[in-house]
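Okay, so here's the structure we're looking at.
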Amino acid sequence: MVNRALIVDDNADNVGVLEEMLTLEGVEYTSLHDPNQVGGVMNNRYDVVFLDLEMPDINGYEVLEQLKASTQFAKVPIVAYTVHVSEINAARNRGFDSFLGKPLDVDLFPAQLQKILNGQQIWVTP
């Protein structure tokens, strides 16, 4: 079965980079540029969620609460994926499963992704 990722990030450039990296790893994805659209994909199957922290209208912590409240996402690792690397401890304390600071390291990402998909936590800043 092919792994599926949900990307929630309002920055199209950052989404494009992550989409390319996931494609190279054979991971299918759904990308949302508007975090208010998360409710529309809650019934889909995902193996990992990449969630930006700073977005207009609703931030990543609020989206995290929505996802964690859904049984569909109970066992899905939710990764804080942000340029705000100073948020690493807050993300851990608020319930994220992993943290990847932007920009992602193209050489390290495949191993990081495998660990996350295998249930391991990753806490990385560039």
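The values are calculated or read from the model by the stated rules, or taken from the named source; none is laboratory data. Computed from a prediction, not measured in an experiment: that's the story for all the values here. Here Cβ is always computed from backbone atoms with ideal geometry, including for glycine, and neighbour counts include all displayed protein chains.
Can we say G101 is out of contact with any Asp or Glu (no Cβ under 7 Å at 6 or more places or on another chain), at pLDDT below 95, surrounded by 13 or more Cβ atoms within 10 Å (Cβ to Cβ) and not polar (S, T, N, Q)? Give the steps one after another, and end with the answer.
Details: out of contact with any Asp or Glu (no Cβ under 7 Å at 6 or more places or on another chain): yes; at pLDDT below 95: yes; surrounded by 13 or more Cβ atoms within 10 Å (Cβ to Cβ): yes; not polar (S, T, N, Q): yes.
So G101 passes the test.
Consider the range 9-48. How many of its residues are within 16 Å of P110 (Cα to Cα) and of a type in the set (K, R)? Outline the logic, then answer.
Initially, the range 9-48 is screened for residues within 16 Å of P110 (Cα to Cα), giving 17-29, 47-48.
If we keep only those that are of a type in the set (K, R) as well, we get none.
The number of residues fulfilling the criteria is 0.
Would it be correct to say that L53 is surrounded by 14 or more Cβ atoms within 10 Å (Cβ to Cβ), within 20 Å of P35 (Cα to Cα) and in contact with a Gly (Cβ under 6 Å, 6 or more places away or on another chain)?
Yes: the conditions hold for L53.
If I ask for residues that are surrounded by fewer than 19 Cβ atoms within 10 Å (Cβ to Cβ) and closer than 15 Å to W123 by Cα, which ones from the range 56-89 would you list?
Passing the criteria: V83, H84, V85, S86, I88, N89.
Hey, among the residues in the range 1-26 that are in a helix (DSSP H, G or I) and among the β-branched types (V, I, T), which one's nearest to the chain's Cα centre (by Cα)? Even if it seems obvious, please write down each step before you answer.
Restricting attention to the range 1-26, the residues satisfying the condition of being in a helix (DSSP H, G or I) are 12-24.
Among the residues that remain, those that are also among the β-branched types (V, I, T) are: 15, 17, 23.
Working: V15: 10, V17: 13, T23: 15 Å.
Selected residue: V15.
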